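Following: one structure in structure tokens, then a few remarks.
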Amino acid sequence: MITHERADFICEQEIEGILAHRQSPKPAQVRELLVKAREMHGLSMDEVARLSFVEDPELLQEIFSTAKQIKEEIYGTRLVLFAPLYISNRCANECTYCAFRATNTALKRRTLTQAEIAEETRILIRQGHKRVLVVAGEALPPQGFQYILDSIATVYDTRIGNGEIRRVNVNLAPQTTERFRQLKQANIGTFQLFQETYHRPTYAEVHLKGLKRDYDWRATVFDRAMEAGIDDVGMGVLFGLYDWRFEILAMMQHFRHLEEKFGVGPHTISFPRMEPAVGSDIASKPPHAVSDADFMKMIAIMRLAVPYTGMIMSTRETAEVRRTTLALGVSQISAGSRTDPGGYKDGEGDPNSSQFQLGDHRTVEEVVSDVVSLGYLPSFCTACYRMGRTGQDFMDLAKPGEIKYHCHPNALSTFQEYLSDYAGPQAKSAGEKLISIELQHMDGQQTACALPMLNKVRRGERDVFV
Ligand code: SAM
Ligand code: SF4
């Protein structure tokens with residue numbers, strides 16, 4: 001039995017009190033809030049709730065354009081790319097929405113060997129990836145937790161030609177502080193974990209078996225990660241389980257708790273919407289399905305609420321939804337994903353061993369070409385965490401807008417690496433054009449930094465960053 005604290009920082013009463021006046025605010029109030037949001041100090045829970053009730057199309061457009069403005073101010077055109085790497089779909093828990101749940105006999109089970117993980121990593125490297133998210137179900141093989149540590153080491157140690165994975169983020173079961181220390185030693189980037197739902201009764205209904213039944217063990221996970229020195233953490237909710245307004249306010253409470261206790265909130269927030277999954281009824285019919293319109297509104301409002309937090313959109317969503325969310329605040333996307341262990345080698349992605357259905361099936365090169373055509377600069381940068389710019393240090397740099405003197409040149413140099421080493425002729429020519437446009441738009445300080453970096457990469461140097 002694991003003893004731990006109760007997650008009292010999530011206070012349902014406070015959230016329900018705020019949501020009780022389900023009234024659309026007056027246009028003047030909305031505009032006042034948007035003026036405040038443009039100062040980029042974030043919004044309160046009450047302000048977020050008020051914006052969440054806006055339905056007027058004209059006001060919604062104003063929310064969207066403010067979110068876009070804030071995103072461009074902080075992130076410019078950069079868009080970070082990554083891929084998930086599923087290493088095992090064995091699980092001891094029983095989450096009703098997930099194909100990996102323990103009693104799902106329709107699922108083909110597989111835990112990759114280290115050789116198979118290396119093989120998957122080589123495929124991702126050949127696609128041009130530099131950052132992966134290692135994902136696993138919650139049942140360890142006989143090697144125990146060492147399996148996870150070995151898997152991370154395998155990904156880092158795998159190299160082909162100029163290619164290597166430079167940042168391994170993880171999405172794994174909640175750990176003890178001691179195991180978090182081991183993960184820190186193993187050099188992970190972000191520890192990502194979704195609470196799924198912050199609403200206790202719903203949480204109890206959908207988690208039927210195993211350690212995951214314990215709401216508080218999960219909700220206090222970032223406290224343990226941060227105590228162990230992992231200060232880049234990624235939070236999220238599985239949208240569709242409960243009222244989205246409740247969930248975003250709860251995320252803000254969680255955010256507030258981490259800021260108060262550790263001086264820094266999460267590095268990223270993810271917005272997974274529930275997708276159909278083999279052997280799950282609820283996944284095909286989410287009890288609180290979030291419409292596309294509400295999804296867009298929620299993303300834009302969160303961009304205003306926590307302007308400096310990275311926002312992640314996965315390939316659960318279709319290409320079209322993903323494109324729209326980029327303009328509303330999303331700063332990281334996955335590309336070319338498979339959610340079945342071994343799925344990159346096997347090609348198509350096997351629905352009978354996948355976690356859920358994907359909405360975007362395009363290759364990395366297709367995603368890159370698409371985002372380039374929309375004017376975004378794909379970034380394969382991994383510099384910050386390798387330079388120790390994590391947690392509070394990252395936020396200190398990000399907040400005054402200083403980060404653009406690091407991130408933008410790094411985005412250009414890593415994109416140039418991608419174009420030189422992995423892109424086909426068409427993507428390459430479109431990408432080179434984008435790089436020259438980006439250079440024209442940079443200020444003198446940025447160009448002085450970026451140009452020599454680009455020239456080094458063009459001459460064959462790799463992993464050039466500031
Ligand atoms: N087992 C760990 C856990 O549950 O946190 C980590 C891996 S789990 C495969 C990663 C995430 O997938 C879960 O946190 C959940 O939000 C998401 N997920 C599960 N079923 C899903 C579905 N049907 N559609 C979309 N996302 C889903
Ligand atoms: Fe297991 Fe995670 Fe799926 Fe739950 S969401 S069944 S814990 S893999």
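Hey, could you check segment 1-43 for residues that are charged (D, E, K, R) and assigned to a helix (DSSP H, G or I) and say which is nearest to F222 (Cα to Cα)?
Per the stated criteria, the residue is E12.
Only one of (1) closer than 16 Å to Q127 by Cβ; (2) surrounded by 21 or more Cβ atoms within 10 Å (Cβ to Cβ); (3) modelled with pLDDT of 95 or more is not met by S420, so which one is it?
It fails just one condition, (2).
Does segment 253-266 include one or more residues that are in contact with a Gly (Cβ under 9 Å, 6 or more places away or on another chain) and within 16 Å of ligand 2 (Cβ to nearest atom)?
No, that holds for no residue.
Return yes when E205 is within 16 Å of ligand 2 (Cβ to nearest atom) and within 23 Å of M298 (Cβ to Cβ) and no when it is not.
Taking the combined requirement at face value, the residue satisfies it.
So G144 ticks every box in (1) open to solvent by 40 Å² or more (accessible area, probe 1.4 Å); (2) modelled with pLDDT of 95 or more; (3) not β-branched (V, I, T) but one. Which box is left unticked?
Of everything listed in (1) open to solvent by 40 Å² or more (accessible area, probe 1.4 Å); (2) modelled with pLDDT of 95 or more; (3) not β-branched (V, I, T), G144 misses just condition (1).
Give me a count of the residues in segment 257-282 that are within 16 Å of ligand 1 (Cβ to nearest atom) and either over 19 Å from G42 (Cβ atoms) or assigned to a loop (DSSP other than H, G, I, E, B) (or both).
Residues that pass the stated criteria total 13.
E62 is checked against (1) under 26 Å from G375 (Cβ atoms); (2) within 23 Å of the chain's Cα centre (by Cα) and fails just one. What number does that condition carry?
So the condition that E62 fails would be (2).
So which of S291, S314 ends up being within 16 Å of ligand 2 (Cβ to nearest atom), open to solvent by 10 Å² or more (accessible area, probe 1.4 Å) and of a type in the set (G, A, S)?
S314 is the lone residue from the list that is within 16 Å of ligand 2 (Cβ to nearest atom), open to solvent by 10 Å² or more (accessible area, probe 1.4 Å) and of a type in the set (G, A, S).
Just for helices (runs of 4 or more DSSP H) wholly inside segment 147-234: which have at least 1 residues that are surrounded by fewer than 22 Cβ atoms within 10 Å (Cβ to Cβ) and outside the structural domain of G265 (by TED's automatic domain parsing)?
In segment 147-234, no matching helices (runs of 4 or more DSSP H) lie anywhere.
Looking at segment 334-357 only, could you name the residues that are of a type in the set (A, V, I, L, M, F, W, C) and within 16 Å of the chain's Cα centre (by Cα)?
A335
Which residues, counting only those in segment 182-197, are within 16 Å of ligand 2 (Cβ to nearest atom) and farther than 15 Å from A136 by Cα?
Residues satisfying the conditions are Q195, E196, T197.
Report, by residue number, each residue of segment 61-109 that is open to solvent by 10 Å² or more (accessible area, probe 1.4 Å), within 14 Å of ligand 1 (Cβ to nearest atom) and hydroxyl-bearing (S, T, Y).
Y86, T96, Y97
The values are calculated or read from the model by the stated rules, or taken from the named source; none is laboratory data. None of the values given here were measured: they were computed from a predicted structure. Here Cβ is always computed from backbone atoms with ideal geometry, including for glycine, and neighbour counts include all displayed protein chains. All accessible areas refer to the heavy atoms of the entire protein, side chains included, with ligands and DNA or RNA removed. Shrake-Rupley method; radii C 1.70, N 1.55, O 1.52, S 1.80 Å.
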